Amino acid sequence: MIKATIAELPKYVDKEVKVGAWIANKRSSGKIAFLQLRDGSGFVQGVIVKSDVAEEVFQTAKSITQESSVYVTGTVQKDERSPFGYELLVTNIELIHTSTDYPITPKEHGTEFLMDNRHLWLRSKRQHAVMKVRNEIIRATYEFFNENGFVKVDPPILTGSAPEGTTELFATKYFEEDAYLSQSGQLYMEAAAMALGKVFSFGPTFRAEKSKTRRHLIEFWMIEPEMAFVEFDENLEVQEQYVSYVVQSVLKNCQLVLNTLGRDVSKLEKITAPFPRISYDDAITFLHEKGFDDIEWGDDFGSPHETAIAESFDKPVFITHYPTKIKPFYMQPDPEREDVVLCADLIAPEGYGEIIGGSERIHDMDLLNKRVEEHQLDPETYKWYLELREYGSVPHSGFGLGLERTVAWITGVEHVRETIPFPRLLNRLYP
Ligand code: 4AD
Ligand code: MG
């Protein structure tokens, strides 16, 4: 007997196979039962015809409860009507474990209830689909950077420095000095780039966010490439190549789950490099023309502003050259204009907001010292970082892509809480 996963069934048309599965859903009449089977690799319908199987097999199918676990034996058949394209004509069911009163039934549940049951909610068809896309984005990320000569480097999680400002730090008590959970690996990635040229990291990131929005998590995952001898424009080119690569990989390898999610793939098909660029100055003018009177030059954009700008494009858009005073200390000023920096945020289409923040970094020692002082950072803490400018300093650039916001955009789910297996949000640590 062939033991197969659901995803492997297309290889075994007209053959008899054994599949380990859970019962996602069930419907039956006097003569026929339909079991919606899931095994993690996919979903398939099992059909049990009363007249074709032993009486106890049909009775098991009729009485089996949601999320019970089974070994099912059956013949794989083509089924043009189902999105998967195959079904299993069941000949035998071995019950492994009976599940009683599974809390998540096919009816509608409220968000808080589903979040409290996240450990079970992950089994649902929609959550399964989102996790598959997340996995494909991670896979394509490694593939893209490996194929383009990047080395994966793992920055520390426990850090003494605060690259992105001090307001959202997670302090821990252990070391003599204050230690924080990493809010970005960037500073360490800059050191790594001076050793290995082109590097990238992929790891957990912590922001003690007080905001409760559909784009904010307290713990999220960030991909942070950093490149020696790469200047502002070249940095944007890597970003648009990378994001296009990821989207096209998902389109190619996740057709079935995108279908489950009801994602409009025609919108994703348009995501190919190059992406449009608009300066912060022009973005402000554009917003004023659109009637946003609440924003002035020097203000940071809020979600409504980002969404309004993104709506004019069907690809992600780079907003470049933000005012120096609203960006972190390490960003390289525009050589022609001190008041703006060589940075860009990449704003996703369809209202998903900023998915990338990146910039060229200051490589001049004196200027960086000055910035550290202006930002009232402790030069002792940043001593090692400053030393990178002492020994063969070079122009370099990098960026950080937020995985969960990217998953939200590509899957089309409304809120980032559904894009990470166990979300950490304001007031949520369980499960
Ligand atoms: O714009 P951010 O803060 O940039 C940095 O941390 C840089 N040091 C990155 C670098 O240049 N190496 O964060 C980068 C991205 C954002 O564009 C967003 O996608 C995501 O990280 N992000 C969040 N995602 C979910 N929840 C949050 N609270 C996030 N904060 C940032
Ligand atoms: Mg940012």
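The values are calculated or read from the model by the stated rules, or taken from the named source; none is laboratory data. What you are looking at is a predicted structure, and each value in this text was computed from that prediction instead of being measured. No Cβ is skipped: glycine too gets one built from the backbone with ideal geometry, and neighbour counts run over all protein chains shown. Accessible surface is based on the protein model in full, side chains and every heavy atom, while ligands, DNA and RNA are left aside. Shrake-Rupley method; radii C 1.70, N 1.55, O 1.52, S 1.80 Å.
Here are the numbers for the structure shown:
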| read-out | value |
| --- | --- |
| Surface accessible to a 1.4 Å probe, per residue, for the residues of region 137-205, Å² | 48 |
| Ranking by accessible area, most exposed first, for Tyr385, Tyr86 with a 1.4 Å probe | Tyr86, Tyr385 |
| Accessible area of Met1 in the full protein assembly, 1.4 Å probe (Å², nearest 10) | 140 |
| Relative contact order [Cα under 8 Å, 6+ residues apart], the chain, whole percent | 13 |
| Per residue accessible area of region 1-124, 1.4 Å probe, in Å² | 52 |
| List Thr141, Thr105, ordered by accessible area with a 1.4 Å probe, largest first | Thr105, Thr141 |
| With all protein chains modelled, accessible area of His119 [1.4 Å, Å²] | 80 |
| Given 14 as the ceiling on other Cβ atoms within 10 Å, longest exposed-site-free region of the chain for trypsin sites (Lys or Arg not before Pro) in DSSP loops | 291-431 |
| Test item: Cα-centred dipole of region 217-368, Lys/Arg +1 and Asp/Glu -1 on Cβ, debye | 820 |
| Neighbour cut-off at most 15 other Cβ (10 Å), DSSP loop, GluC sites (Glu not before Pro), region 206-294 | Glu231 |
| For the chain, alpha-carbon Rg over 2.2 N^0.38 Å | 1.17 |
| 3J(HN,Hα) from dihedral phi, region 263-274, Karplus parametrisation 6.51/-1.76/1.60, rounded to Hz, x for glycine, proline | 6, 6, 6, 4, 5, 6, 4, 6, 7, 10, 5, x |
| Shape parameters for region 293-431, alpha-carbon atoms, Rg then Dmax in Å | 17.8, 51 |
| With all protein chains modelled, accessible area of Ser29 [1.4 Å, Å²] | 50 |
| Cα Rg over Rh - region 44-98, Kirkwood | 0.98 |
| Mean residue ellipticity (222 nm) of the chain, computed from DSSP H runs ≥ 4 via -39,500 (n - 2.57), nearest 500 | -8500 deg cm²/dmol |
| Amide proton proximity set for Val151, modelled H, under 5 Å, gap of 5+ | Lys198, Val199, Phe200 |
| Estimated vicinal HN-Hα couplings, Hz - region 90-100 in sequence order (Karplus 6.51, -1.76, 1.60; Gly, Pro = x) | 7, 10, 8, 10, 10, 6, 9, 8, 8, 9, 10 |
| Percent carbon-and-sulfur accessible area, the chain, ignoring ligands, DNA and RNA, probe 1.4 Å | 50 |
| Three-way shape call for region 60-215 based on the alpha-carbon gyration tensor, with the a/c threshold at 1.5 | prolate |
| Relative counts (whole %) of C-alpha pair distances in region 1-104, using bins that are 10 Å wide | 16, 53, 28, 2 |
| Cα gyration tensor category, rounded, prolate or oblate, for region 1-52 with a/c compared to 1.5 | oblate |
| Sparse-neighbourhood loop sites, GluC sites (Glu not before Pro) in region 16-108 - DSSP loop, at most 15 other Cβ within 10 angstrom | Glu80, Glu108 |
| Choice from Asp294, Asp334, Asp39 showing the highest fluctuation, given a GNM over the chain with Cα pairs closer than 10 Å | Asp294 |
| Heavy-atom accessible area order for Phe175, Phe313, largest first, 1.4 Å probe | Phe175, Phe313 |
| Average accessible area per residue (Å²) across region 366-431 - probe 1.4 Å, nucleic acids and ligands excluded | 46 |
| Sparse-neighbourhood loop sites, GluC sites (Glu not before Pro) in region 291-344 - DSSP loop, at most 16 other Cβ within 10 angstrom | Glu296, Glu311, Glu336 |
| Diffusion constant of region 255-365 at 10 °C, which comes from Stokes-Einstein with the Kirkwood Cα-pair radius and 1.306 mPa s, µm²/s | 104 |
